[in-house]
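Undergrad: Quick one: this structure, given as structure tokens, is what I'll be asking you about.
The values are calculated or read from the model by the stated rules, or taken from the named source; none is laboratory data. Small disclaimer: the values here were computed from a predicted structure and weren't measured. No Cβ is skipped: glycine too gets one built from the backbone with ideal geometry, and neighbour counts run over all protein chains shown. The accessibility values were calculated without ligands, DNA or RNA, using every heavy atom of the protein model including side chains. Shrake-Rupley method; radii C 1.70, N 1.55, O 1.52, S 1.80 Å.
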Amino acid sequence: MRALRYLGVATLLLVIALFGLLLWYRQASLPLHEGRLVASGLEQPVRIERDANGVPNIVAASERDASFALGFAHAQDRLWQMEVNRRIASGRLAEILGPGALDADKFLRTIGVRATAVSIFENLDAE
């Protein structure tokens with residue numbers, strides 16, 4: 001009877017610990033929308049303010065800094081989507097989705113989506 005009670009208490013503690021870990025992970029994986037961050041690569045200070053719907057509003061002194069801040073905000077909010085799109089274009093979905101994605105990878109490599117993107121990028125002017 002005593003062993004059963006200890007097992008019940010241990011199970012309850014394990015469930016509470018797992019729930020706490022889940023809550024911590026959920027919070028830790030959310031992007032930082034408040035506070036101040038220092039990022040190298042900016043020419044002037046930039047402010048990213050989010051409205052009530054979480055939409056970023058960027059205030060920057062130059063177009064270059066605004067583009068940098070826009071990329072930063074996109075990465076905060078859509079990093080998973082950006083990573084999956086990069087893998088789609090490269091024909092590398094099977095690396096994260098498994099063998100079921102091999103046919104899609106083969107097709108995307110055959111039509112040369114990544115090679116076309118690289119070619120377009122290399123032919124852009126500096127601006």
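Undergrad: All but one of (1) open to solvent by less than 70 Å² (accessible area, probe 1.4 Å); (2) of a type outside the set (Val, Ile, Thr); (3) within 29 Å of Pro56 (Cβ to Cβ) hold for Ala101, so report the exception by its number.
TA: Single failed check for Ala101: (3).
Undergrad: Scan Val15, Val38, Val46 and give me the residue that is at pLDDT 85 or above and within 13 Å of Ala69 (Cα to Cα). Write out each step before concluding.
TA: Details: Val15 fails: within 13 Å of Ala69 (Cα to Cα); Val38 fails: at pLDDT 85 or above.
Selected residue: Val46, the only one of Val15, Val38, Val46 that is at pLDDT 85 or above and within 13 Å of Ala69 (Cα to Cα).
Undergrad: Next question, about the same structure. Can we say Leu23 is of a type outside the set (Lys, Arg), open to solvent by less than 100 Å² (accessible area, probe 1.4 Å) and closer than 30 Å to Arg114 by Cβ?
TA: Judged against the criteria, Leu23 is not a match.
Undergrad: Additional query: What are the pairs, 6+ residues apart or on separate chains, where a residue within region 75-87 that is at negative phi and free of Cβ contacts under 8 Å to residues at least 24 places away in the same chain has its Cβ under 8 Å from a residue that is aliphatic (A, V, I, L, M) and open to solvent by less than 40 Å² (accessible area, probe 1.4 Å)?
TA: Every condition considered, the pairs that remain are Met82/Ala75; Val84/Leu93; Arg87/Leu93.
Undergrad: Turning to a different aspect of this structure: Report yes if Val113 is under 17 Å from the mean Cα position of the chain (by Cα) and closer than 29 Å to Glu127 by Cα, otherwise no.
TA: no
Undergrad: Another question, then. Kindly check whether there is at least one residue in region 18-31 that is under 30 Å from Ala66 (Cα atoms) and aliphatic (A, V, I, L, M).
TA: Scanning region 18-31, I find at least one residue that is under 30 Å from Ala66 (Cα atoms) and aliphatic (A, V, I, L, M), so the answer is yes.
Undergrad: Can Phe107 be described as within 30 Å of Val55 (Cβ to Cβ) and either modelled with pLDDT of 95 or more or of a type outside the set (Gly, Ala, Ser) (or both)? Give the steps one after another, and end with the answer.
TA: Working: within 30 Å of Val55 (Cβ to Cβ): no; either modelled with pLDDT of 95 or more or of a type outside the set (Gly, Ala, Ser) (or both): yes.
Taking the combined requirement at face value, the residue does not satisfy it.
Undergrad: State yes or no: is Asp77 within 30 Å of Val46 (Cβ to Cβ), part of a helix (DSSP H, G or I) and not aliphatic (A, V, I, L, M)?
TA: Details: within 30 Å of Val46 (Cβ to Cβ): yes; part of a helix (DSSP H, G or I): yes; not aliphatic (A, V, I, L, M): yes.
Considered against the rule, which asks whether it is within 30 Å of Val46 (Cβ to Cβ), part of a helix (DSSP H, G or I) and not aliphatic (A, V, I, L, M), Asp77 comes out as yes.
Undergrad: Within the set of pairs 6 or more residues apart or between chains, which connect a residue that is within 17 Å of Glu127 (Cα to Cα) inside region 53-66 to a residue that is not acidic (Asp, Glu) with Cβ atoms less than 8 Å apart?
TA: Ser62/Gln44; Asp65/Leu42; Asp65/Gln44; Asp65/Val46; Ala66/Val46; Ala66/Ile58; Ala66/Ala60
Undergrad: Any residue at all in region 96-103 that's touching a Pro at 6+ places or on another chain (Cβ under 9 Å), at pLDDT 85 or above and either part of a loop (DSSP other than H, G, I, E, B) or of a type in the set (Phe, Trp, Tyr) (or both)? I'd like the intermediate steps shown before the answer.
TA: Filtering region 96-103 for residues touching a Pro at 6+ places or on another chain (Cβ under 9 Å) gives none.
No: zero hits.
Undergrad: Scan Val9, Val38 and give me the residue that is outside any loop (DSSP other than H, G, I, E, B) and out of contact with any helix residue (DSSP H, G or I) (no Cβ under 8 Å at 6 or more places or on another chain). Explain how you work it out, then say what you get.
TA: Working: Val38 fails: outside any loop (DSSP other than H, G, I, E, B).
From the options Val9, Val38, the qualifying one is Val9.
Undergrad: If you take the residues in region 39-92 that are more than 25 Å from Arg109 (Cα to Cα) and polar (S, T, N, Q), which one is most open to solvent (accessible area, probe 1.4 Å)?
TA: Residues of region 39-92 more than 25 Å from Arg109 (Cα to Cα): 39-77.
Filter again for polar (S, T, N, Q), leaving 40, 44, 53, 57, 62, 67, 76.
Numbers: Ser40: 107, Gln44: 98, Asn53: 136, Asn57: 76, Ser62: 36, Ser67: 68, Gln76: 43 Å².
The extreme case among them is Asn53.
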